[in-house]
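Q: First the structure, which I've put down as structure tokens, then a few questions once you've had a look.
The values are calculated or read from the model by the stated rules, or taken from the named source; none is laboratory data. Values in this document were obtained by computation on a predicted structure and should not be read as measured data. Here the Cβ positions follow ideal geometry from the backbone for every residue, glycine too, while neighbour counts run over all protein chains shown. When the accessible area is computed, the model is the full protein with side chains, heavy atoms only, and any ligands, DNA or RNA have been set aside. Shrake-Rupley method; radii C 1.70, N 1.55, O 1.52, S 1.80 Å.
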Amino acid sequence: MLKVTRRTFIATSAVGALHAPQVMAQTDFMEPARIRMGFAPYISAGPYYIAQAKGYFRKLNIEIVPTSHVDGSLSMPALAAGELDITGATLSAGLFNLMAKGAGLRLFFERGREAPGWGSNSIMVSNAMWEKGFRSLDGYKLAKGAKIGISSRGSVAHYLHTVGLERAGLKFDDADWNWGMSPQVSLPLMQQNRIDILNMPLPAAYAAQNRGVGKIATWSDEIAPDFVLACSVASEKFLRERHSAAVRFSMAIMQGNAEFMEAARNGTPEILKIMAEGTGLTPEVINSTRPRWTFMSADGLPNMPSIVAQQRFWHEKTDLLQRMVPENQLFDDRAVREARKRLDDKNPFI
């Protein structure tokens with residue numbers, strides 16, 4: 001994996017600030033704003049559910065017009081076409097490709113990383129693989145010739161499995177990759193020991209294990225500690241022309257992050273109820289997944305070494321990313337930095 005030092009990151013950030021799209025002057029910071037937002041209706045959307053349910057957007061004169069997508073990547077074409085202002089998206093080869101091809105998009109808020117003990121993506125193995133000894137990260141050494149069930153190339157699962165194989169001393173081609181497999185297909189096959197390895201997020205992973213489909217052998221945070229799972233993405237035009245809206249959005253989500261993380265640690269009943277209403281799961285199911293809700297940083301600033309390493313992975317180790325986005329054009333941190341300062345100066349939510 002690519003190693004980026006603190007000195008490199010600071011230098012990159014400084015260059016990025018010079019190349020960030022110019023922010024237009026704003027006459028009224030609290031001017032009413034309507035934001036069309038895409039999101040995926042999972043536990044990781046908790047900070048948004050909290051901010052919406054507790055009126056944090058409304059308090060800052062923002063109206064959110066939400067659009068739900070089964071996967072964050074499915075909202076990217078709408079964002080690139082100008083049909084959305086902001087969306088959450090997993091870091092995938094497809095996202096980097098859109099950015100590299102001139103779609104005019106920037107990451108501007110980290111929306112979850114798999115910090116040690118907080119990883120929400122399990123690696124499930126069949127009962128047969130479990131009996132062979134695949135019971136930890138080291139179990140990937142048993143994956144030579146094993147059947148990996150996976151939905152798509154360029155996905156988080158593709159990344160995690162490949163890193164897991166490499167850490168065990170194997171290569172991508174050592175496994176038998178079975179592409180295009182949804183959980184509805186792969187889980188029954190795993191129960192029959194016809195698929196050996198799957199990436200399964202919570203809470204589906206616990207449910208499958210409880211049904212005897214297979215066993216959870218390891219977690220995303222053990223494979224790639226602190227890798228960035230998702231970011232909020234917006235067009236450069238939105239970040240340039242509607243800077244105050246981006247700042248206020250970030251302020252509301254930061255407050256949601258803080259309450260989300262507190263609930264992940266302590267099971268706050270009010271927050272469990274809010275997240276249950278947003279996801280359609282029961283509070284009991286959501287509570288059973290704690291603390292593995294994915295780690296949300298307090299300030300929205302990214303783990304840039306992880307983002308850089310993931311883009312380089314897709315470019316150098318696959319044929320899915322022909323051209324990389326310059327590092328100083330990946331993330332625009334001005335909105336989150338201003339949002340953090342405003343919250344530190346005077347938090348309107350407490």
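Q: Could you work out [θ]222 nm for the chain from helices alone, using -39500 (n - 2.57) per DSSP H run of at least four and dividing by all its residues? Round to the nearest 500 deg cm²/dmol.
A: When only DSSP H runs of four or more count, the value is -12500 deg cm²/dmol.
Q: Work out the length of the dipole vector of the range 177-238 about its Cα centre, built from +1 on the beta-carbon of each Lys and Arg and -1 on the beta-carbon of each Asp and Glu, and round it to the nearest 20 debye.
A: Rounded to the nearest 20 debye, it is 320 debye.
Q: Could you identify which residue out of Val65, Val233, Val247 has the top mean-square fluctuation in a GNM of the chain using Cα springs shorter than 10 Å?
A: Val65
Q: Moving on. Taking only the C-alpha atoms, wrap a convex hull around the chain and report its volume per residue in Å³ as a whole number.
A: Looking at the chain, the number lands at 127 Å³ per residue.
Q: Say the dipole of the chain comes from +1 at the beta carbon of Lys and Arg and -1 at that of Asp and Glu; which of Asn121, Val308, His243 then lies farthest toward its positive end?
A: Final value for the positive-end residue is Val308.
Q: In Å and whole numbers, how far do the C-alpha atoms of the range 166-255 stretch along each principal axis, longest first?
A: 54, 32, 25
Q: Hey, any idea what % of the chain's accessible area is carbon plus sulfur with a 1.4 Å probe?
A: Ligands and nucleic acids excluded, carbon and sulfur reach 52 percent.
Q: Here's another thing I want to ask about it. Need the C-alpha centroid separation for the range 162-205 versus the range 116-140, integer Å.
A: For the range 162-205 versus the range 116-140, the Cα centre distance is 10 Å.
Q: Just order 45-53, 200-208 by mean Cβ neighbour count inside 10 Å, highest at the front, would you?
A: Highest mean packing first, the order is 45-53, 200-208.
Q: A follow-up question, please. Translational diffusion coefficient of the range 107-185 at 37 °C, 0.692 mPa s, Stokes-Einstein with Kirkwood Rh over Cα pairs, in µm²/s as a whole number.
A: Reported coefficient: 239 µm²/s.
Q: Let me ask you something else. Classify the range 218-261 as rounded, prolate or oblate from the Cα gyration tensor: take a ≥ b ≥ c as the square roots of its eigenvalues, call it rounded if a/c is under 1.5, otherwise prolate when a/b beats b/c and oblate if not.
A: Since a/c reaches 1.5 but b/c is at least a/b, the shape of the range 218-261 is classed as oblate.
Q: Provide the descending list of Cα extents for the range 45-156 along its principal axes, expressed in whole angstroms.
A: So the extents along the principal axes, rounded to whole Å, are 57, 37, 21.
Q: Right, something else. In the chain, with Lys and Arg counted as +1 and Asp and Glu as -1 at Cβ, which of these residues, Ala258, Trp130, Gly112, has the Cα nearest the positive end of the dipole, that is, farthest along it?
A: Trp130
Q: Then there's this: Ignoring ligands, DNA and RNA, what accessible area per residue does the chain give at 1.4 Å, in Å²?
A: Result: 43 Å² of accessible area for each residue.
Q: Of the peptides 277-288, 111-122, how do they stack up when ordered by the mean number of other Cβ atoms within 10 Å, highest first?
A: Sorting 277-288, 111-122 by mean packing, highest first, produces 111-122, 277-288.
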